[in-house]
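One structure is given below, encoded as structure tokens.
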Amino acid sequence: MSILKSRVVGSVLALGLAACANGMEEDAAMDGQATSAIPAVDAETSKVLRENPLLAEWQGPYGGVPAFDRMQLGQIQQAMEAGMAAELVEIEAIASNPAAPTFENVIVAMQRTGEPLGRASTYYGIWSSNLSSPEFRVIQNELAPKLAAHSTKIIQNEQLYERIKAVYEQREELDLTPEEQRLLQTTYEQFFLSGADLDAAGKARYAAINEELAQLHTQFSNNLLADEEGWATRFTEEQAEGLPASYLAASKVEGEDGVYEVKNTRSSMDPFLTYADDRALREEVWRKYYNRGNNADEHDNNEIIARILQLRNERIQLLGYDTYADWQLTNRMAKTPAAATELMETVWAKAVERAEEEVADMQKLADAEGAGITIEPWDYRYYMEKVRQDRYELDSDEIKQYLQLDKLREAMFFVAGEFFGFGFAPVTDGSIPVFHEDVKVWQVLDKASGDHIGYWYLDPFARAGKRSGAWATSYRSHSTFDGKEYVLASNNSNFVEPPPGEPVLISLDDAETFFHEFGHALHYLSSNVVYPGSNGGVRDYTEFHSQLLERWVLTEEVIDNYLTHVETGEPMPDELVQKIRRAGTFMQGFDTVEFLGSAIMDMRYHTLTGERLANLDVQAFEAAELAALGMPEEIPMRHRSTQFGHIFSSEGYAAGYYGYLWADVLTSDAAEVFEEAPGGYYDKDVAERIVRLLYAPRNAVDPAEAYREFRGRDATSDALLRDRGFAPPKE
Ligand SMILES: [Zn+2]
């Protein structure tokens, strides 16, 4: 079932895209089954199913590929609507089957539903992320509520739920494989956690709460947007001391000579606070930014937050949970708020110590300059940058000369060959259709056997209508239960396209992101699950697979062969590599404290109950909790409560912001296994085990059990503390 399948794990309410730090990881992982019979739908839908090209079965090699070269926007709305109608008919057939419910006629049957919608959704995803336009956004606005209603109809289908529950209750007696047991569990949980088990009154209240929450989430983000758009800070040439020319050029106010403005957004605020010499202006910019949504005016978010939290709590109480966080973490790797909190508090103590050292370094530098100030929050970035220049002398432009996009792509193929045993062959004969001439395709092969594994699409360059950032997605996921389905994976980024024949030079951050997103693609490609529903991502686990790949960028093999100077062809000199490594832990105190301030508050809000929740005063609560934690005065939360869109604009990261740190703990812990192996990052034995135990099973195995099998124990935060420079390196 296409729409549900992509999030068969995680609550249905955490709808839509599982975003990662750099973009989306798991959007609609589609199954382009080639053998679906057209279900019994009405005559009009049936005609669309037969005739609309976006619903047609995919043609071409290895189970077919999307006809990206023939997609027409005028066909998408009709295709999506017919796809939804067809899926509902299929679901109804499963729900009303007179035969006794079995794993086969309920759970497996559900895996076969929604194929036409899955195909249409692949094209829909391209228009929404890679080729958006005003015309498409009109269609999107019309379809978004229909897609949400479609999911709700399936989840609230009582007969269907009764049959799922009946199979679930027999699970001990059924002769199921471990993957089938888990699929049954995750399917049942998905319905149960979304209120399928409630009586009529409970369901009605559940739906009413969701409706009110949807409005509050929208209000929250609109208020935030209003404070970002409506509060620029203007400044003149005389106040511009210290700011780079590129920043000034981008900040000019049209039509007014010598006048500039800082927008009230992170991308505008951050460099301003880093470079501007004018301290009073830094303070003004800082105050505006960190008070978004908190100005006691019509865009104030404080009361909205309290109402959101109360409604969320009421909703999970209907399901018998103690706190919202307990409900949300049921099917996460951490499993309980206590486990997530324990990790955060361990790292917190160390990060605060480091932040205090950072402040002391800055104060020393300010004193040496005779600045006559005490470091305040609006001084942090400014003096950090001075310490950085003083201590590390890293020239980002010099580094770029060694980071050519094409070479980095070859480096990724090399790493995938060593790590996963994959080979990549470019498809240059036009046999695989693409949606834009920039998109290139490679065939992915098993290097040892020569067997076909899938295709990898790369859409590298920025263009109008393409969303910002970088992301990975799959057009079709692996499964074998109805014959083998081959993976179609893609990576998407926004590099600036150079003039023909010139290389693209990128920053080290961008190079790491490029590897990161490729890690998601390798995770799709290495899947060996039987059922498509086993491919889903787990929010606090799925970034581990991508973060790990970043570790190969600065390995010796990659440096020597791929990080070569654009003009001389010489590999990056050891001296520069060492400088980069030394700077690696710089400012980790600040980064970790500002992140954890938000992550801990997220968990505190979502474990509030009773009187404290009923009488919540957001500003007082935030201040008291941070004071009790010992939050350094010089550092604010990365996202203060009234601007914490991750958790209040939707439920996407509610009680889940910790997940970035959780995944990073796994990354550091697993990386040490490579570092300690005889072959280092290219150790064949470790690579084989990690692919087999942690990549290939996707969500067919409980992530915590899989990790224990790999490591012989649970992950601990020790390696992360060392990586961030909070503990001495291992001998
Ligand atoms: Zn990611």
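The values are calculated or read from the model by the stated rules, or taken from the named source; none is laboratory data. Quantities reported herein were computed from a predicted structural model and do not represent experimental measurements. Every residue, glycine as well, gets a Cβ built from its backbone with ideal geometry; the counts of neighbours run over all protein chains shown. Just so you know, the surface numbers come from the protein's heavy atoms only, side chains and all, with ligands and any DNA or RNA stripped out. Shrake-Rupley method; radii C 1.70, N 1.55, O 1.52, S 1.80 Å.
Note that the stretch 305-315 has calculated 3J(HN,Hα) couplings of 4, 4, 5, 4, 5, 5, 5, 4, 5, 4, 5 Hz, one per residue in order, obtained from phi through the Karplus relation 6.51 cos²θ - 1.76 cosθ + 1.60 (θ = phi - 60°); glycine and proline are x. For Leu403, the residues 5 or more places off, or on other chains, whose built amide H falls under 5 Å of its own are Ile506. Ranking Gln317, Tyr562, Thr473 by how far each Cα lies toward the positive end of the dipole of the chain (charges on Cβ) leaves Gln317 at the top. Only protein heavy atoms count here; on that basis, with a 1.4 Å probe, Ser246 has an accessible area of about 90 Å².
Site pair His436 and Thr265 shows an inter-label distance of 1.8 nm when each label is modelled 7 Å from Cα along Cα→Cβ. Extension gain, Lys484-Lys47: 0.36 nm per intervening residue step, less the Cα-Cα distance, totals 154.4 nm.
The slack between Asp591 and Thr152, meaning 0.36 nm per residue of separation minus the straight C-alpha distance, is 154.1 nm.
Counting protein heavy atoms only, the chain has 49 percent of its accessible area on carbon and sulfur, 1.4 angstrom probe. For the stretch 656-673 versus the stretch 344-422, the inter-centroid distance based on Cα atoms is 19 Å.
Peptides 83-89, 274-280, 340-346 ranked from most to least packed give 83-89, 340-346, 274-280, packing being the mean of other C-beta atoms within 10 angstrom over each peptide's residues. Projecting the Cα atoms of Met333, Leu343, His299 onto the charge dipole of the stretch 269-347, computed from C-beta unit charges around the Cα centre, puts Met333 farthest toward the positive end. Each peptide among 181-187, 58-64 gets the average number of other Cβ atoms lying within 10 Å of its residues, and from highest to lowest they stand as 181-187, 58-64. Can you tell me how the stretch 557-710 classifies by the Cα gyration tensor, rounded, prolate or oblate, using a/c under 1.5 as the rounded cut? Oblate.
Residue separation of Asp199 and Glu557 scaled by 0.36 nm, minus their Cα-Cα distance, works out to 122.8 nm of gained length. Relative contact order of the chain, taken over Cα pairs closer than 8 Å and 6 or more residues apart, is 17 percent.
Does the stretch 595-667 classify as rounded, prolate or oblate by the C-alpha gyration tensor (a ≥ b ≥ c root eigenvalues; a/c under 1.5 gives rounded; else a/b over b/c gives prolate, otherwise oblate)? Oblate. Short to long, the 20 Å bins of the Cα pair-distance histogram for the chain hold 16, 50, 31, 3, 0 percent of all pairs. Each residue of the stretch 134-150 is assigned a 3J(HN,Hα), and the resulting list reads x, 4, 5, 5, 4, 5, 4, 4, 6, 7, 4, x, 5, 5, 5, 5, 4 Hz, derived from the Karplus form 6.51 cos²θ - 1.76 cosθ + 1.60 (θ = phi - 60°), x at Gly and Pro.
Taking amide H as placed 1.01 Å from N in the peptide plane, the amide H of Ile453 sits under 5 Å from that of Val444, Leu445, Asp446, each at least 5 places away or on another chain. Please report the antiparallel percentage of DSSP beta bridges with both residues in the chain, rounded to the nearest 5. Roughly 80 percent of the DSSP beta bridges within the chain come out antiparallel. With each label modelled as a point 7 angstrom along the Cα→C-beta vector, the Glu212-Glu169 pair spans 3.3 nm. A Cβ-based charge dipole, computed about the Cα centre of the chain with Lys and Arg at +1 and Asp and Glu at -1, lands at about 1720 debye. The H on the amide N of Phe422, modeled in the peptide plane, is under 5 Å from the matching H of Gly417, Lys447, each at least 5 residues off or on a different chain.
Between the beta carbons of Arg307 and Asp509, assuming R0 = 35 Å, the FRET efficiency works out to 0.35 to the nearest 0.05. Sorting 473-485, 619-631 by their mean Cβ neighbour count within 10 Å, with the most densely packed peptide first, gives 473-485, 619-631.
Dipole check for the stretch 609-693: with +1 at the C-beta of Lys and Arg, -1 at the C-beta of Asp and Glu, and the Cα centre as origin, the magnitude is about 300 Debye. If you find the alpha carbon centre of the stretch 489-523 and of the stretch 581-596, how far apart are they in angstrom? Each part's Cα centre sits 24 Å from the other's.
Ranked by solvent-accessible area (1.4 Å probe, protein heavy atoms only, all chains present), the residues Trp471, Trp662 order from largest to smallest as Trp662, Trp471. In a reduced charge model with +1 at each Lys and Arg Cβ and -1 at each Asp and Glu Cβ, the stretch 57-150 shows a dipole moment near 200 debye about its Cα centre. Here the calculated FRET efficiency for Ala623 and Glu393, from their Cβ-Cβ distance with R0 = 41 Å, stands at 0.55, rounded to the nearest 0.05. Each residue of the stretch 118-132 is assigned a 3J(HN,Hα), and the resulting list reads x, 5, 4, 5, 4, 5, 4, x, 5, 5, 6, 9, 9, 9, 5 Hz, derived from the Karplus form 6.51 cos²θ - 1.76 cosθ + 1.60 (θ = phi - 60°), x at Gly and Pro. Here the spin labels are modelled as points 7 Å beyond Cα on the Cα-Cβ line, and at Thr374 and Asp277 they lie 2.6 nm apart. Note on exposure: Phe272, Phe414 ranked by accessible area (1.4 Å probe, complete protein assembly) read Phe414, Phe272, with the most exposed listed first. As a calculated quantity, the FRET efficiency between Ala250 and Asp574 at R0 = 35 Å, using C-beta atoms, amounts to about 0.45. The sum of -39500 (n - 2.57) across all DSSP H runs of n ≥ 4, divided by the residue count of the chain, sets its helix-only mean residue ellipticity at 222 nm to -16000 deg cm²/dmol. State the answer as a single residue: which of Gly454, Ser396, Leu117 lies farthest towards the positive end of the charge dipole of the chain, with beta carbon charges of +1 for Lys and Arg and -1 for Asp and Glu, about the Cα centre. The one lying farthest along the dipole's positive direction is Leu117.
Counting only protein heavy atoms and using a 1.4 Å probe, the accessible area of Asp199 comes to about 100 Å². What does the C-alpha gyration tensor say about the overall shape of the stretch 508-622? Classify as rounded when a/c is under 1.5, otherwise prolate if a/b is larger than b/c, or oblate. Here the stretch 508-622 falls in the oblate category.
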